[in-house]
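Scroll down for the structure; my scribbles are underneath it.
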């Protein structure tokens, strides 16, 4: 019996819903360059190297492997030109640890993603998140899923 059914869920995609939530930036936030947003950022370590992590009150909004912290921060500021930035050293380490730990060790608290993209991109990302863990889909199947 699949794990999702053992847990009393309707299917594997429902299990995935418990681990990732996706919220798009509003059109107003995009138009105003994130003027009302507070971004907290830090550089964390991972098994793949250092990464810049930025979050808002509604979730993770940037994750970028970095060779140069200043360049990465400049790119983040370019994406969110009017947001308020707060550097909190070490603030992203727990999140980085969570992202790169084995799936079986992950906690049940969903990972909230705060994304910046077009309506089409958001549809694609939602469809990708609906793919059950360990399954594959073709580009055609993905296109069919988003209509």
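Considering each residue of region 75-107, count those that are under 30 Å from residue 144 (Cα atoms) and either at pLDDT 90 or above or loosely packed, with under 10 Cβ neighbours inside 10 Å (or both), and give that number.
Here the count works out to 1.
Mind checking which residues of region 47-74 are surrounded by 14 or more Cβ atoms within 10 Å (Cβ to Cβ), closer than 14 Å to residue 99 by Cβ and modelled with pLDDT of 90 or more?
The answer is 50, 51, 52, 53, 54, 64.
The values are calculated or read from the model by the stated rules, or taken from the named source; none is laboratory data. Small disclaimer: the values here were computed from a predicted structure and weren't measured. Using ideal geometry, Cβ is built from the backbone for each residue, glycine included, and neighbour counts are taken over all protein chains shown.
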